[in-house]
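> Here it is: the structure, laid out below.
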Amino acid sequence: MQLTKNQKLAIESTEKPTAIIASAGSGKTEVLTQRLKVILNSGKVGLNQILAITFTEKAAQELKRRIASGLSDSKKQELAFANVGTFHGFCLNLLKEQAPLLHFSDNPSVWDEHTAKLAIHRHCREQLLKALDAKEPNALFLVEELEFRHALLLLEELLQFRWHAEKHIGTRDYGPKTMDQEGRLLEATRNLYKKILESYTEEKSRRQTLDFQDLEILALNLLTTNEEVLKNYQNRFAHILVDEVQDINDLQRELIRLLFNPSKNCLCVVGDPKQSIYRFRGANVEGFKIIVDWIVKAGGHLVELNENFRSRPEILQFVNHTFQQLFSPVEKTALVATRERRKDPALEILAISADLKTSKEERRKTEALLIAQTIQKSCSQGKKSFGDFALLFQSLSDVRHYEKAFKAFGIPYHLSGGRGFLNAQEVIDLLFCLKLMVNLEERLALVGLMRSPLIGFTDGFITQFCLKHPTDLGKALLEQPEANWLKELFENRKSLSGAEILSEAVSNTHYDLLLHKLDPSGTKLANVEQFIELTRKLEIEEEMSLEDLLEYFEELKKRRSTLAPASTVDQSSNACQLMTVHAAKGLEFPIIILPDLLRQPPQSGNRHIFLREEGLGFYLRESPNPFSNYVPSETTAQLKEKDKYQDLQERKRLLYVALTRAKEKLLIPWHEEGKQTGPWYGWLKEALGSFGKIPSWDEKKLVGPASRLGPSPQKGPLGPLRGCHPLIFNHSKKEIPYVAVTKLGTFEKADQIGGVGDGFGIIPKPAGPTQPLLQGTQLGNIVHGVLKQIGSTKNIGVDTLLKKNLFEQNVIVNDDEFASVRNFIHSFLKSDMAPPTWEGLHELPFRLKISDTVVTGIIDYAFETPQGWVICDFKTDTHFEPEKYQRQMDCYALALSKGVQKPASEQSEFEGEAPTALPLEGATRAPIIETRLLFLKTLRQHSEKRTNESLKASKERLEKIIYDQQVSQKI
């Protein structure tokens, strides 16, 4: 790449300390790589005299890979042992080298973050309970004032950030006469903290292990107290390079301060204060500014990289405008575009209307459906691929709505970052199994397991079964044939570990095979394997019993633990990405969607506040009454204001990171303002208003509440959702109307009776309270799914396929309904109507242009004969009324006559392959000789021969229907 002036300065200024402020998309990794190569090629220093520190080990390996290109073979071998890694890696190596001075093993093990948190939780709980049992005044007072759970949270947070904690809880002293309520709380906290720290330290010493904070504290103490060791490291490293400096913590900043000696070495730091988003992990954005001051005072360079090579100029213009108002004068340096402008829109708005009473939950459901529809439409038209889209969430708490919408539209997706695999349904199913090993009569676990694929009972059966066995439900379940595996595990539970119980449950029920069928990406199965491995690790390393395991998992769920779900999908694969903004840091995508803008910051219910740089404060009872409210002390109120301000600034930076991930387009779902909005919504509202992007709420172009939307679970390019019309601004061409093929009959009928019909903005009437549990549309979708898979799967019966489709489409049926559907599918398969081999094309999506309107739909099944193609459409109507579907069959015949192309692979969609859309470029034209309407319930068939003349007449008839509908709607 051709270097800019500032990039060149950042790369070549190796003789002086340098601070590089690298804005988003400015190519800072390449700059860091080139700087290292310049240093090495100078011949003045070797690899062993360079210390390069990155934020993650993955980033360190990538940096090594880049450096390796252009190096000699001998230098590449040296690179494997170079001092390129994380702060924790550097500290560990330092401690190993200086082990004799520290009087501990020269090869200590290191607990990962999760294991350390687990151990801290255990020690805090055990020591607090022990102190309460002994009736120690400090413990009694702390728990009486804060309650047990809040006291536990306080002590755990202090242990996790003990370098800061000891500064604040160890300095303030109180005499017995002058001690106020907050003083007594602080004194009680300090005494308990010391005992817990003692216990925690003793265990680590016994195990010869350290946690991450130990690494930093011990290394810092060694360099602070031993001048000879400090000078040794200052002399050893002629060049110190630190990446992502905006996200380092105070301990790490102090380590840099000690290692940097302007007379002995050269420091280069790279970062961007505008992208500091890890405050919750200890990062302090002020540290960046402090380090920059050190470098400037040492006569070094301050280089700003503002040129953005990632995003289109139109996106950067919007980003600059947005943050011109939000950032401080120091931070608001504008991004400079390097790419050419284009005419197509870089910023699009999806408008969503709702009245003030519409809940956030309903708004999210509506938004999820609209996003899914928009992605599917774009991809079905061949404009984009699924892998071009990334949804960046502030939190994944409500991501289930988006997953459900994506599944309904057949959109492949990959979820990563933040939610935690303990909330995955497949893990919850296995947790039910573990709970029953401890208490066979726990009804919630029993019902959950019976509903899960591990047992697979219908809700109707479960209801009757529970009524029949009100007191011995668990015992009765063990006598059911479907639960033989559970009975065997329960009888042998005392000789099995938790991990063995889980493994046996998966193996004996073939749960792994089912998960593979439900999720060919492998994420569900990987989550199960990760859960079993975690269980095994806790049992071995933490010596946890089954009861301990369940208690621990429950505590993690209460705290909304972010144990990362298993990652199995390459982010370069053709799947939409659903992730947190934090997970997207350092990545880029063609199209960024910002969902859930109405989300508000979570409210902390803690009875304390701990700001690492400021101190500790408590919420106090208003009166001695144990039921009185908690109010912040004066100290706490001040800390709370500072915390609120710091949190708000980080949320601005989080939005900045989200927007700057986009290469080609920003897609922003926009809600008509409700009672409550989140900060992102407010900030973007002002920016969008300045750009003329706030939608006017035109009644004809609004999306209704989610309860009114009926997305078809069929896969493929679909027309607009009923009631959906996304507003797309900056569009140079008139929006082409789309209509679902199933609506054409409605239009024709409305025209025949003199009515207007619902038209392109059709909104169906809400379902009444007396409607059956299994709706007609749902029944059709489920039956279609079963028939589609009948011919493409081996040794899988109708019952299994029916259960699978019910489960996938989240439909609950009672026993009678299940039997009814199963029976008429069986009857159809045995009848003369059923195709003899089921070979052909199943569920083919199409787009058919009629006049200026695009008709979309899905052909259920088509097979080829020597004379031409036969199209079959399956109906589950109770009555035989083929005339209702005349126009629908006309469309199918016209669409298929445009061309047919078989999938490249014979692998069925059941095995994970998506169907092929029609018409296809380069496809061969095919004669259509017959269309068949197959009424499965009545076992009646309506066939119609098709010729070129009849197809021409069908097209003319459809053109007239659409024209009449447009006139009636005045479109």
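> Pick from 968, 908, 950: which is hydroxyl-bearing (Ser, Thr, Tyr) and modelled with pLDDT of 65 or more? First the steps, then the outcome.
Numbers: 968 fails: modelled with pLDDT of 65 or more; 908 fails: modelled with pLDDT of 65 or more.
Going through 968, 908, 950 in turn, just one is hydroxyl-bearing (Ser, Thr, Tyr) and modelled with pLDDT of 65 or more: 950.
> So, one more: If you go through the range 190-210 one residue at a time, how many are farther than 17 Å from residue 130 by Cβ and either aliphatic (A, V, I, L, M) or not in a helix (DSSP H, G or I) (or both)?
3
> So if I check each of 335, 326, 305, which one is under 20 Å from residue 3 (Cβ atoms) and at pLDDT below 95? Full working, then the answer.
Values: 326 fails: under 20 Å from residue 3 (Cβ atoms); 305 fails: at pLDDT below 95.
Selected residue: 335, the only one of 335, 326, 305 that is under 20 Å from residue 3 (Cβ atoms) and at pLDDT below 95.
> Only one residue in 187, 216 is part of a helix (DSSP H, G or I), in contact with a Cys (Cβ under 9 Å, 6 or more places away or on another chain) and either among the polar types (S, T, N, Q) or touching a residue at least 12 places away in the same chain (Cβ under 8 Å) (or both), so which one is that? Give the steps one after another, and end with the answer.
Values: 187 fails: in contact with a Cys (Cβ under 9 Å, 6 or more places away or on another chain).
Within the list 187, 216, the selection yields 216.
> Inspect the range 69-85 for any residue being at pLDDT below 90 and among the basic types (Lys, Arg) and give the result as yes or no.
yes
> Using the structure shown, decide if residue 821 is in contact (Cβ under 8 Å) with a residue 12 or more places away in the chain, under 37 Å from the mean Cα position of the chain (by Cα) and in a helix (DSSP H, G or I). Write out each step before concluding.
Details: in contact (Cβ under 8 Å) with a residue 12 or more places away in the chain: yes; under 37 Å from the mean Cα position of the chain (by Cα): yes; in a helix (DSSP H, G or I): yes.
Yes; evaluated as a whole, the condition is true for this residue.
> Would you kindly identify the helices (runs of 4 or more DSSP H) lying entirely within the range 461-512 that contain at least 1 residues that are crowded, with 17+ Cβ neighbours inside 10 Å, polar (S, T, N, Q) and touching a Leu at 6+ places or on another chain (Cβ under 8 Å)?
Hits in the range 461-512: 498-509.
> On the given criteria, is residue 30 over 19 Å from residue 258 (Cα atoms) and either of a type outside the set (Ser, Thr, Tyr) or at pLDDT 95 or above (or both)?
yes
> Moving on. Check 426, 442 and return the single one that is in the same structural domain as residue 527 (by TED's automatic domain parsing), under 30 Å from residue 388 (Cα atoms) and touching a residue at least 24 places away in the same chain (Cβ under 8 Å). First the steps, then the outcome.
Details: 442 fails: under 30 Å from residue 388 (Cα atoms).
Matching residue, one of 426, 442: 426.
> Which condition from (1) modelled with pLDDT under 95; (2) buried (at least 17 other Cβ atoms within 10 Å of the Cβ); (3) assigned by TED's automatic domain parsing to the domain that holds residue 275 is the one that residue 289 breaks?
(2)
Results for (1) out of contact with any Phe, Trp or Tyr (no Cβ under 7 Å at 6 or more places or on another chain); (2) outside the structural domain of residue 295 (by TED's automatic domain parsing); (3) in a helix (DSSP H, G or I), shown as yes or no for each residue.
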residue: 45; (1), (2), (3): yes, no, no
residue: 51; (1), (2), (3): no, no, no
residue: 58; (1), (2), (3): yes, no, yes
residue: 89; (1), (2), (3): yes, no, yes
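> Moving on. For a quick check of your reading of the model, give me the residue pairs whose first member lies in the range 849-875 and is in a strand (DSSP E or B) and crowded, with 22+ Cβ neighbours inside 10 Å, whose second is modelled with pLDDT of 85 or more and of a type in the set (S, T, N, Q), with beta-carbon atoms closer than 7 Å and at least 6 apart or on different chains.
871/931
> Within the range 842-855, how many residues are under 23 Å from residue 954 (Cα atoms) and in contact with a Leu (Cβ under 9 Å, 6 or more places away or on another chain)?
9
> Could you please let me know if residue 293 is more than 24 Å from residue 680 (Cβ to Cβ), of a type outside the set (Gly, Ala, Ser) and part of a helix (DSSP H, G or I)? Write out each step before concluding.
Details: more than 24 Å from residue 680 (Cβ to Cβ): yes; of a type outside the set (Gly, Ala, Ser): yes; part of a helix (DSSP H, G or I): yes.
Yes: the conditions hold for residue 293.
Residues are listed down the side, and each one gets a yes or a no for (1) touching a residue at least 12 places away in the same chain (Cβ under 8 Å); (2) within 32 Å of the chain's Cα centre (by Cα):
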| site | (1), (2) |
| --- | --- |
| 89 | yes, yes |
| 94 | yes, no |
| 99 | no, no |
| 107 | no, no |
| 116 | yes, yes |
| 134 | no, no |
| 151 | yes, yes |
| 154 | yes, yes |
| 162 | yes, yes |
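> Would you point out the residue of the range 336-386, among those that are part of a helix (DSSP H, G or I) and among the small types (Gly, Ala, Ser), that is farthest from residue 666 (Cα to Cα)?
Checking each candidate, the answer is 380.
> Tally the residues that are among the β-branched types (Val, Ile, Thr) and in a helix (DSSP H, G or I), restricting the search to the range 219-257.
Summing the residues that are among the β-branched types (Val, Ile, Thr) and in a helix (DSSP H, G or I) in the range 219-257 gives 5.
> Right, next: Looking at the range 331-357, which of its residues are within 17 Å of residue 275 (Cα to Cα), in contact (Cβ under 8 Å) with a residue 40 or more places away in the chain and aliphatic (A, V, I, L, M)?
Answer for the range 331-357, where residues must be within 17 Å of residue 275 (Cα to Cα), in contact (Cβ under 8 Å) with a residue 40 or more places away in the chain and aliphatic (A, V, I, L, M): just 335.
The values are calculated or read from the model by the stated rules, or taken from the named source; none is laboratory data. All values reported here derive from a predicted model rather than from experimental measurement. Glycine gets a Cβ as well: all are built from the backbone with ideal geometry, and neighbour counts include every protein chain shown.
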